[in-house]
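Here, each number is a calculation from the coordinates, and none is a lab measurement. Worth saying up front: this structure is predicted, and the values here are computed from it rather than measured. No Cβ is skipped: glycine too gets one built from the backbone with ideal geometry, and neighbour counts run over all protein chains shown.
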Amino acid sequence: MREEAKKKRKKEREKQKKEELRKQGKLLTKAEKEKQQKNKLVLEQLQQQGVSFPKEGAKKFSIYDIKKKKKIENKKEEKIEKEEEEIKDSWEDDEVVEDWEIDEIKKDEKEEEKEEKKEIKEEKIKEETKPQSTKPQIVKKALKTNKDLRSPICCILGHVDTGKTKLLDKIRQTNVQEGEAGGITQQIGATYFPASVIQEKTIDLQDQFDLEVPGLLVIDTPGHESFTNLRTRGSSLCNIAVLVVDIMHGLEPQTLESISLLRQRKTPFIVALNKIDRIYGWQEYPNKPFNYSFEKQSESVKKEYHERLRSTILSFAEQGLNAIEYYNNNDYRKYVSLVPTSAITGEGIPDLLYLLIHLTQKMMSKSLMYLSELECTVLEVKVIEGLGTTIDVILSNGILREGDKIAVCGLNGPIITTIRALLTPQPLRELRVKSQYVHHKMVKAALGVKIVASDLDKAIAGSRLIKIEDDEDEDEAAEEVMTDLTTLLNSIDKSGRGVCVQASTLGSLEALLSFLKDSKIPVSGVNIGPVHKKDVIRTSIMLEHAREYAVLLAFDVKVDKDAQELADQLGIKIFKAEIIYHLFDHFTNYMKELIEQKKKDSAPQAIFPCVLRIVSGCVFNKRDPIVVGVDVIEGTLRVGTPICVPSQNNVFIGKVSSIEMNHKPQDSAKKGGPSVAIRIDTPSYDTPKMVGRHFTEKDDLVSQITRASIDVLKENFRNEMTNDDWQLIIRLKKALNIQ
């Protein structure tokens, strides 16, 4: 009995000791030890071979990101090795424990092993099911704490004059649009709406909600179809977009383009059906929710609204999108929400803000979770009195601190500098409008920030900003930030013939180059920033190669006085405009004038091909001047065309001095047209020709083309020539023995 009691106590002591060792993580079963050692050997072999293990769904990394990641992995490996060494020591301790174990304890151990295996299996099953059951709780916790959530970034897109900027102005109660060229937004603008303002704006809505995000950052991107690149830059930053549609006009060309852009980027969006105040008889209720205003409208207004709404829903259906009023939308994933608004009266704006926040909180909480990796885009480069050259950036993820080393794309190469100051505008001010700034030691995404640092005067707006964590990363970061510019420079016409283009930002330059490419206008050189003398000198090279392209297109940039004077001296045209379409109009008008002038100058040398047949019995005068009735069999007959007869050894009979149809003078006669009477005068230096002696009524008459006239047609009249005309020229060349 005593021996049994002793054994029992011994077993209990051993059990307690094992429990303590297990809690400390020092006790492992033989099976577990073997498994760990095997895994460790396999891992080491793979690492020696240079194999890395990326996570599923990981985003694509740049060269710089991969190198940065490798460094982090190496540090992690060192840490793991240290931990493994500690575990090794604990294994040795465990072996000491095994030496003095008795047979009975070994039996118990086997039973315990079985139990442990069971427990491990259960734990594994729990871990496998864990993401589904616990992730929402983690997200909810994050939403409640607000610490790991950033402000959603919103883009505003749409057709010209649908009221994009007006809508923002109404929310912000400022008037940025008056300071913009032609009322059209040209630069990306960013405005931060704090949570308190959103709550104040949505106070009239009955459906109150808890605001779980710190605020809303809105990027107002241009809505013109040529600004695809700038909008793409904007869309890539945003979490949700507002597509502004004019309820009076429905879906317009740029609206359709914006829809395809949003689809490509897989960006969720809501539709602001703007200009409801334009509906005939609409009673205004400023800044009220839509339903409040709508209930108070007359039946005729309601009827017109529903008709226009049905028409818009049908237009969306044609684009393969299901659209419905937001207050009737029960499934935000299947249906696009339509929010009726008025940028003039402010009606429907509380609904728009409510829906933006509601959707981002409800459906995008994962994408709003704060990430430590920096995502930052330079919007504008500005010179501020007292601060020097500064850059306005959108910080969409990560943290920036005073003293951080950063890399930015520059005109003359990468710029490596250190942040001297971080400034944010006062809440409810756009970055483009001057106002007092708030200084920060550290800023967290998402925010519009002004960065003060040295050597930023050559920085390019529209490029990325990279934070340099380690001095060794400097070269990789410098190479990475320059990729955007090098891609653009590669798109320049390699033939060396084309206009020179100057723009204020990388985005503007991209937009302009894209527009010129679509318009088939070649570009020989690009630059960013104001126009200086060196830019004019570079453009002057075209005077030798192609005079029509000795043009400098300055988009939203200043032109130096010296540069303008030099351009006037050299005969170079500088067209400057703040709106891309005006610039295009200036250039096309200039090209038209140039072409018309060239045509006028070369008209006497231009001989258009034609074949004429004399109408039977229509020889009105046989000798100088010859007057006959003819049909144009091929080509076009024009006044001044020299005529010859191929069947009579190409005898030259004179030039057509006039064409008449029904006794009315004509400049030309085309194939397939009615018969015309022509007068052919023989030049004074030539012997007069006679019908019946030098040629007969049955002989075809043709225009006497020359090598020089063919070259003139190719150079200046190509647009007026058809394929049939060129085929006729080939035949006439053989008939007239032209090389």
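Laid out as a table, the results:
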{"quantity": "Listed residue pairs exceeding 27 Å between alpha carbons, taken from K520/K655; K592/K714; K164/K362", "calculated": "K520/K655"}
{"quantity": "Value of Rg/Rh across region 361-401 [Cα atoms, Kirkwood radius]", "calculated": "1.17"}
{"quantity": "Theoretical gain in end-to-end length, N330 to E578 [0.36 nm per residue, Cα-Cα removed]", "calculated": "84.9 nm"}
{"quantity": "Estimated distance in nm for a label pair at Y685 and Q264, the labels positioned 7 Å out from Cα along Cα-to-Cβ", "calculated": "6.1"}
{"quantity": "Two-decimal log10 I(q)/I(0) for region 252-329, as the Debye equation yields it once each C-alpha is a single scatterer, q = 0.15, 0.17, 0.18, 0.19 Å⁻¹", "calculated": "-0.64, -0.79, -0.86, -0.93"}
{"quantity": "Difference of contour (0.36 nm per residue) and Cα-Cα distance, R731 to D560", "calculated": "56.0 nm"}
{"quantity": "Given K533/K576; K170/K302; K405/K441; K275/K296; K303/K334, the pairs whose alpha carbons are separated by over 20 Å", "calculated": "K170/K302; K303/K334"}
{"quantity": "Cα gyration tensor shape of region 299-354, rounded if a/c is under 1.5, else prolate or oblate by comparing a/b with b/c", "calculated": "oblate"}
{"quantity": "Pairwise FRET efficiency - N621 versus N719, Cβ, R0 = 30 Å, nearest 0.05", "calculated": "0.25"}
{"quantity": "Debye log10 I(q)/I(0) for region 567-674, one point scatterer per Cα, at q = 0.24 Å⁻¹", "calculated": "-1.46"}
{"quantity": "Total charge dipole magnitude, region 491-601, about the Cα centre, Cβ charges on Lys, Arg, Asp, Glu only, Debye to nearest 20", "calculated": "280"}
{"quantity": "Calculated P(r) tail over 17 Å for region 491-601, as whole % of Cα pairs", "calculated": "50"}
{"quantity": "Rule-of-thumb Rg ratio for region 606-735 [Cα; 2.2 N^0.38 Å; N residues]", "calculated": "0.99"}
{"quantity": "Zone of L594's modelled label, taken as backbone nitrogen in region 549-576 under 17 Å from a point 7 Å along Cα→Cβ", "calculated": "549-555, 567-576"}
{"quantity": "For G692, net neighbour charge (Lys/Arg +1, Asp/Glu -1) across residues whose Cβ lies under 13 Å away", "calculated": "+3"}
{"quantity": "Ranked by how many other beta carbons lie within 10 Å on average, peptides 344-355, 634-645, 311-322, 683-694 from highest", "calculated": "344-355, 634-645, 311-322, 683-694"}
{"quantity": "Selected from L506, I541, A567, residue furthest toward positive end of dipole (region 491-601; charges at beta carbon)", "calculated": "I541"}
{"quantity": "Sequence ranges 256-266, 601-611, 162-172, ranked by mean other-Cβ count within 10 angstrom, highest first", "calculated": "162-172, 601-611, 256-266"}
{"quantity": "Within region 636-739, GluC sites (Glu not before Pro) in DSSP loop having at most 16 other beta-carbon neighbours inside 10 Å", "calculated": "E697"}
{"quantity": "Distance (nanometres) between label positions extended 7 Å along Cα→Cβ at Q16 and K302", "calculated": "8.2"}
{"quantity": "Length gained when the stretch S311-S668 is fully extended (0.36 nm per residue, less Cα-Cα span)", "calculated": "123.5 nm"}
